[in-house]
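Taking it in order: structure first as structure tokens, then the write-up.
The values are calculated or read from the model by the stated rules, or taken from the named source; none is laboratory data. For clarity, every value in this text was computed on a predicted model and none was experimentally measured. Neighbour counts run over all protein chains shown; Cβ positions are idealised from the backbone, glycine included.
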């Protein structure tokens with residue numbers, strides 16, 4: 001048994017997978033007619049890894065799904081010990097509220113729901129005139145399930161009372177400065193819970209035009225907790241990268257399986273494990289997963305922007321993270 005329990009290299013059951021937004025979108029819209037956000041609490045189409053059937057997981061430690069909210073709806077307030085991220089895929093007019101502060105949700109924005117914080121979502125648009133809003137949910141549900149450490153609680157009202165001005169957390173913590181008596185309002189999670197895409201895209205553009213392009217990642221940045229310099233959440237790391245036009249990336253592999261959301265442009269990823277080789281062509285709003293220790297190679301003829309998240313902080317905390325950049 002020892003050889004199977006202690007393999008010479010990671011032997012994940014997870015499989016590479018691609019979810020084309022054009023295929024997924026009709027089901028999202030249909031779900032809005034079948035069940036309300038209030039009835040569902042969260043109306044989400046789960047992106048389930050084909051190698052983990054029935055587990056509601058995209059990797060062995062991470063959950064991912066596409067949540068949709070219609071104009072005039074509210075996804076009621078609740079809280080849970082699972083950390084969550086929201087990456088806005090499509091639409092305008094929605095908001096997320098976290099512990100008394102609201103933030104608007106715009107395509108490309110990365111928003112955090114820290115562990116055990118009250119949160120709700122809403123769409124203030126008009127039913128007749130405005131479109132639904134869709135975002136990618138990423139949570140550490142399988143990880144907390146493994147540790148038997150999950151708790152949840154429903155709020156007493158659909159929407160929590162707003163007690164702080166919109167954008168206050170970014171004004172307080174987002175200028176490379178901290179209050180003199182910093183109190184870590186969300187524990188190990190970043191005190192900024194909304195990272196706007198317009199700032200991220202500006203930084204990527206500057207890197208692409210003024211800095212050397214990495215041969216494996218293009219121009220890639222990681223989101224940080226401004227108080228620590230570490231990942232925004234203790235269990236999940238988040239990244240944004242720009243592959244310039246004509247990019248032919250070198251192959252790499254890493255122990256943290258990663259989930260990708262295509263923000264702009266198009267490209268392809270070739271994923272290899274042993275003798276199995278798969279190539280996915282992706283475009284805007286598509287999603288794909290690269291499992292642990294699968295060799296990946298990114299390409300883009302026209303250029304693209306990719307958001308991704310993984311469980312890297314846990315690997316690093318345990319001293320088990322490994323990465324190889326191949327030539």
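A few points about this structure:
- Of all the listed residues (146, 151), the sole one being surrounded by fewer than 16 Cβ atoms within 10 Å (Cβ to Cβ) and out of contact with any strand residue (DSSP E or B) (no Cβ under 8 Å at 6 or more places or on another chain) is 146.
- Members of region 136-164 that are at pLDDT 95 or above, assigned to a loop (DSSP other than H, G, I, E, B) and under 27 Å from residue 89 (Cα atoms): 140
- Residues satisfying the stated conditions in region 302-319, i.e. farther than 21 Å from residue 63 by Cβ and either surrounded by 13 or more Cβ atoms within 10 Å (Cβ to Cβ) or touching a residue at least 24 places away in the same chain (Cβ under 8 Å) (or both): 302, 303, 304, 305
- The set of residues from region 70-88 being surrounded by 22 or more Cβ atoms within 10 Å (Cβ to Cβ), at pLDDT 95 or above and part of a strand (DSSP E or B) comprises 84, 85, 86, 87, 88.
- Meets criteria (touching a residue at least 40 places away in the same chain (Cβ under 8 Å) and in a strand (DSSP E or B)) for residue 67: yes
- Within region 192-231, the residues that satisfy the criterion of being in contact with a helix residue (DSSP H, G or I) (Cβ under 9 Å, 6 or more places away or on another chain), on the phi < 0 side of the Ramachandran plot and in contact (Cβ under 8 Å) with a residue 60 or more places away in the chain are 192, 193, 194, 195, 196, 223, 230, 231.
- Exclusive hit being surrounded by fewer than 20 Cβ atoms within 10 Å (Cβ to Cβ) and farther than 25 Å from residue 139 by Cβ, set 185, 251, 284: 251
- If you go through region 89-104 and pick out every residue that is within 18 Å of residue 262 (Cβ to Cβ), without any contact (Cβ under 8 Å) to a residue 60 or more places away in the chain and assigned to a strand (DSSP E or B), you end up with 0.
- So residue 130, is it in contact (Cβ under 8 Å) with a residue 60 or more places away in the chain, surrounded by fewer than 22 Cβ atoms within 10 Å (Cβ to Cβ) and in contact with a strand residue (DSSP E or B) (Cβ under 9 Å, 6 or more places away or on another chain): no
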